Amino acid sequence: MTHSILEGERLRALRDLCIVGSPSEAHLEAVCRVAAHLYDVPIALVTLVDEVTVWIKAAYGVDPNPVPRSDAFCHQTVESVLGEALVLPDLDRCARWRDSSLVRGGPNARFYAGVPLALESGVNIGTLCIMDTVARPNFGAAETKGLHDLASIVEAHFRLHEARIARSKDDERYRLLADNSTDLIIRSDLDATRRYVSPAVRTILGYEPEDLLGGRPFEFIHPDDFETFAKNMDDLANARIERGIARQRYRHKDGRWIWVEVTFSLTRNPITGIADGFVSSLRDISDRMVMEDALRISEERLSLALDSGSDGLWDWNLTTGEVDLSGQWMTILGYGPEEIAPNILAWKSRLHPDDVALAKKHLVAHLSGKTDRLECEYRVRMKSGDYSWVLARGKIVARDAKGRPVRMVGTKIDITRRKEVERQIEHMAAHDALTGLPNRILFRDRLTRETSKAKQFGYTFAVLACDLDGFKNVNDTMGHSAGDTVLSLVAERLKAVVREGDMVARLGGDEFAIVLGQTSTDDEARAVACRVIEAIEMPIAIEGQSVRVSISVGISTGRARGADAAQLFRNADIALYRAKAAGRNTYCCYEAGMEPRLAGSACLEHDMQDVLQSGGLTLDYQPVILLATGHIVGFEALMRWEHPIRGKVPPSQFIPIAEESGMIVCLGEWALIEACREAASWPDHIRIAVNVSAVQFRRPGLEDSVQRALVASGLPADRLELEITESVLMQDAQAVISSLRRLRAMGVRIALDDFGTGYSSLSYLRQFPFNKIKIDRAFVQDIHDPNTAAIVRAVVGLGERVGAAITAEGVETEEQLKRVRQEGCTEVQGYFFSGPMHAEDAKVLITQFVKSAA
């Protein structure tokens, strides 16, 4: 908008856009609404001006009927030489326009303000204007500037449309395809089940139409695009939006990913008006993925104008270093509009020192062309002195004549809360929920690192395997609450007797372990063991009673040329078993030649080989309750081992041994067959859930085992649910996800178990559409804590977005039940309803529920 050109050139430029008389567009209607509400006027228009007519491209407050140019105020506005606004505060007093039909007749205009809309060349093609039925004498410079700002959004839209028109002339092949309707058309139900697929699917995805009928698109969407896809589907299903456009990657039949532009629209029953599905149009855009940067920027600006979210918009002039940061973001950081200098150095000085290098690395990568956009997470100092986590996204939008970047535009999002939730989840993944001690995962990591350091630097260290004596009696006589108190106090006492830098871990049940860092002699480890024994045997007061437990300790020493981490811990376990055999409440140091069969773990492993032959294992079944109805919707199969000498061996003891030895493959196949056989006798609506180990995924044949179990029992595949933990995905995520997709294709349901206790819970929800997410009992036990409740709420929200059921595990009290219901969980499992039970008892419980429902 810097100069005027001949009218002929102006009209030619307008005609080349091919938009005169075309339907209104949502972007422009939104700008009109914003303008009308911002200035409190009844009328706002986007107009196009040709030789004799003013065409209404978008309108608010009036019908979009064309007006003769000679009778319209926009005629004068579009003649502006330097892009100035035309403001007519009182049309009754304006000699040129007071006799206009727009003043004397409808809409009875008394006030007009308009800004010319120019293309990149400076050609004025129309206006953004507002009108009122009363005079507005106080419409000043600030209001005019705001109208210019809104007009820049419309201008960006027209300029990018101009660019698209120019490119389309060079792409006749694409235009020909589009004109001949080669897009893939799909008609779907609200749950995304496909009911019609057009023949173009052969060209775009390589399938026959009948191959896709009755299926859903989940397995076709690229994992990185699934979250956006799921949100769009949820918004459609809940009528939050009527239509939309998205760009996603779809899997071709030959396995490659192709980019498609998806235009989707909600459909309604013509009689009832109720939403009954949606229609999608998929266009292959793999050959034109270069998007107009200015369009993205204008849409982001408009989104920020319409949504009062927590995003901040920034605009950086790389030549001058000036940075324009949105006022809302300044408020979030606690600063006033003028408190931070508008330059990059002022912003850089507020980055956390530990994050400067990372932010610079991402910025340089984008500026040098190594990445197509900037995306980086870092901390920013607020006015209070605290640091807030920020997700910064941006892109180069302008270059100089030599191709050097001169301008970047992007957004900043406050992700402090998300980071805190992720930190808590990561902590819970590596620590015991009850005692706060490092768990088995962190212990193994520390032991491995200590072994490597001992070999590298030539020093000695020690590992102590500890097991409580008499704890089972406390649990059985005084209850689990008392047992938890004992375990917590034991943890505190163990931490008190070791040095700073040593590690105390809880491995499960009443098993603990200690890693003593660099020690000068073996006597130091013995001295620590003595202090441990003395500390633990001190009485514990619980509910007015004095309780005593003791502890047995096995010691293994790591040396520069010694055993690896796994062997060291096995040695400590062997010594622990010796200590227990010697009368308990004592310690024993491992010595070469000790009988391995005396080791607790080794002995159990030997006995498990026998039980595989003799069939001494059983399955118990714990019911899963649907909160909406209170009815049983499934059972989880839990493996049990009644040892002829040891009695009941907890799964926490024998399952890890079975995994390390590889016997879990045979145990897992037996559990699948037995659980499916039992579930086949239940009512059709009740499912069976079976846990699957990471080892079973590493070994070939899991999918065949599932198929054999289903065929042998006659159980429908959709009644079988396989529960996996995040550790399964850690070994080879893509291979595991491929296997899960094949299992899903068979009809088997997949549940993510113990959510939040693994390594990267959030990322896996984007990679695979789980049928169910099971919240770990540790979160349920602490759900009274606001931070834990917030995590549960976030998990429920994620589950809703991907269409997964949410099961709360370990519900033991009415208060916990109330809390998980409030947070949105759909199913519960725990002792409040029922503990695990034998198969016959499960049948009786099912019968009781069926009768009560009738």
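The values are calculated or read from the model by the stated rules, or taken from the named source; none is laboratory data. Bear in mind that the values here come from a model prediction, so they are computed numbers and not experimental data. Quick reminder, even Gly has a Cβ in these numbers, built from the backbone with ideal geometry, and neighbours come from all protein chains shown. Just so you know, the surface numbers come from the protein's heavy atoms only, side chains and all, with ligands and any DNA or RNA stripped out. Shrake-Rupley method; radii C 1.70, N 1.55, O 1.52, S 1.80 Å.
Data for the structure
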| read-out | value |
| --- | --- |
| Computed over the chain: relative contact order in percent, which uses C-alpha pairs under 8 Å that are six or more apart | 6 |
| Rounded percent of accessible protein surface that carbon and sulfur make up, the chain, 1.4 Å probe | 52 |
| Computed lengthening from residue 393 to residue 661, 0.36 nm per intervening residue step minus Cα-Cα distance | 91.7 nm |
| Per residue value of the accessible surface for the chain (all protein chains in place, 1.4 Å probe), Å² | 48 |
| Whole-number percent relative contact order across the stretch 17-166, with pairs defined as alpha carbons under 8 Å at least 6 apart | 22 |
| Charge context of residue 784, other residues only, Cβ under 10 angstrom, K/R +1, D/E -1 | -2 |
| Inter-site label distance for residue 343 and residue 12 at 7 Å from Cα along Cβ, in nm | 4.6 |
| Out-of-range pairs (alpha-carbon distance over 29 Å; input 580/774; 370/772; 348/419; 772/818; 772/843; 419/774) | 580/774; 370/772 |
| Net charge contributed by nearby residues that have their C-beta within less than 13 Å of residue 746 (K/R +1, D/E -1) | +1 |
| Built amide H within the under 5 Å cut-off of residue 241, gap 5+ | 236 |
| Net lengthening on full extension, residue 361/residue 196 (0.36 nm per residue, minus Cα-Cα) | 54.6 nm |
| For the stretch 634-731, the Rg and Dmax computed from alpha carbons only, in angstrom | 13.9, 40 |
| Simple label model, 7 Å out from Cα along Cβ direction - residue 185 to residue 785, nm | 5.6 |
| Theoretical FRET efficiency, 1/(1+(r/R0)^6), r = Cβ-Cβ of residue 534 and residue 640, R0 35 Å, to 0.05 | 0.40 |
| Added length on full extension, which subtracts the Cα-Cα distance from 0.36 nm per residue, residue 582 to residue 420 | 53.5 nm |
| Ratio of the Cα radius of gyration of the chain to 2.2 N^0.38 Å, where N counts its residues | 1.21 |
| Rounded FRET efficiency, nearest 0.05, which uses the C-beta distance separating residue 121 from residue 813 and R0 of 51 Å | 0.10 |
| Normalised contact order of the stretch 373-461, rounded percent, pairs of Cα under 8 Å and 6 or more residues apart | 16 |
